[in-house]
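Written below as structure tokens is the structure these notes are about.
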Amino acid sequence: MWLRVKIAFLKGRYLLFTNEIKNSKAQLEFALEKTEGQKKKLKIQAFLVPVQMTSGIFKSRGELLNLNLQDYFEITKAVEEGNMKAFQEEYDSKMFLFIEKGVLFAMDYLKSICL
């Protein structure tokens, strides 16, 4: 089962980069559902949260805090409000963090939602 979960996670990331958001979301949700271990779940959530935002599903501050994704607070707020200026400021200030986490491309998709 661990191999199926790993493949689903990697496929979800790949589909995100090929602009197949719906399929990416399905793969990441499957990986999250079937994976064991909090650390692995948090890694999946780092990708799933921005993908879910593209579908209009927003985590609350409390949920983001529980997932150790405080870095997404202001991005989430900006996307919900459609505030491109706030989004861009937060995006620019956290760009290297997003690159380090491997989620910069996911954040790029959120720009179109703010417009």
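The values are calculated or read from the model by the stated rules, or taken from the named source; none is laboratory data. Quantities reported herein were computed from a predicted structural model and do not represent experimental measurements. Ideal geometry is used to build each Cβ from the backbone, glycine not excepted, and the neighbour counts take in all protein chains shown.
So how many residues does region 68-115 have that are more than 13 Å from the chain's Cα centre (by Cα), free of Cβ contacts under 8 Å to residues at least 12 places away in the same chain and within 16 Å of Phe47 (Cβ to Cβ)?
Total meeting the criteria: 1.
Mind listing just one residue for me: the one in region 69-100 that is farther than 17 Å from Phe58 by Cβ and touching an Asp or Glu at 6+ places or on another chain (Cβ under 7 Å) and, of those, surrounded by the most Cβ atoms within 10 Å (Cβ to Cβ)?
Step by step, filter region 69-100, then rank; the result is Lys94.
Would you mention how many residues in region 44-66 are under 21 Å from Leu15 (Cβ atoms) and without any contact (Cβ under 8 Å) to a residue 12 or more places away in the chain?
Selection size over region 44-66: 2.
Against the definition (closer than 24 Å to Glu90 by Cβ and either out of contact with any Ser or Thr (no Cβ under 9 Å at 6 or more places or on another chain) or not hydrophobic (A, V, I, L, M, F, W, C) (or both)), how does Gly37 come out, yes or no?
It is false that Gly37 is closer than 24 Å to Glu90 by Cβ and either out of contact with any Ser or Thr (no Cβ under 9 Å at 6 or more places or on another chain) or not hydrophobic (A, V, I, L, M, F, W, C) (or both).
With the checklist (1) more than 13 Å from Tyr109 (Cα to Cα); (2) under 14 Å from the mean Cα position of the chain (by Cα) in hand, flag the one item Leu3 doesn't pass.
Tallying (1) more than 13 Å from Tyr109 (Cα to Cα); (2) under 14 Å from the mean Cα position of the chain (by Cα), Leu3 fails exactly one: (2).
Consider Ile99 against the criteria (1) more than 16 Å from Val49 (Cα to Cα); (2) out of contact with any helix residue (DSSP H, G or I) (no Cβ under 7 Å at 6 or more places or on another chain): it satisfies all of them except one. Which criterion is unmet?
So Ile99 meets the others, but not (1).
So for region 13-22 (the condition being aliphatic (A, V, I, L, M), in contact with a Ser or Thr (Cβ under 8 Å, 6 or more places away or on another chain) and without any contact (Cβ under 8 Å) to a residue 60 or more places away in the chain), does at least one residue qualify?
Looking for residues that are aliphatic (A, V, I, L, M), in contact with a Ser or Thr (Cβ under 8 Å, 6 or more places away or on another chain) and without any contact (Cβ under 8 Å) to a residue 60 or more places away in the chain, one finds at least one in region 13-22, hence yes.
Tally up the residues in region 93-103 that are part of a helix (DSSP H, G or I) and at pLDDT 85 or above, please.
The qualifying residues number 7.
Could you run through region 54-65 and say how many residues are at pLDDT 90 or above and in a helix (DSSP H, G or I)?
5
Looking at Ala46, Ala106, Ala8 in this structure, which one is outside any loop (DSSP other than H, G, I, E, B) and modelled with pLDDT under 90?
Ala106
Contact list please: Cβ distance under 7 Å, first residue in region 1-12 and closer than 17 Å to Gly37 by Cβ, second residue outside any helix (DSSP H, G or I), pairs at least six apart or on different chains.
Pairs that qualify, where the first residue is closer than 17 Å to Gly37 by Cβ and the partner is outside any helix (DSSP H, G or I), are Val5/Thr35.
Considering only region 24-43, how many residues are among the hydroxyl-bearing types (Ser, Thr, Tyr) and free of Cβ contacts under 8 Å to residues at least 12 places away in the same chain?
Summing the residues that are among the hydroxyl-bearing types (Ser, Thr, Tyr) and free of Cβ contacts under 8 Å to residues at least 12 places away in the same chain in region 24-43 gives 0.
Restricting region 13-42 to residues that are of a type in the set (Asp, Glu) and outside any helix (DSSP H, G or I), which is surrounded by the most Cβ atoms within 10 Å (Cβ to Cβ)?
Filtering first and then ranking leaves Glu20.
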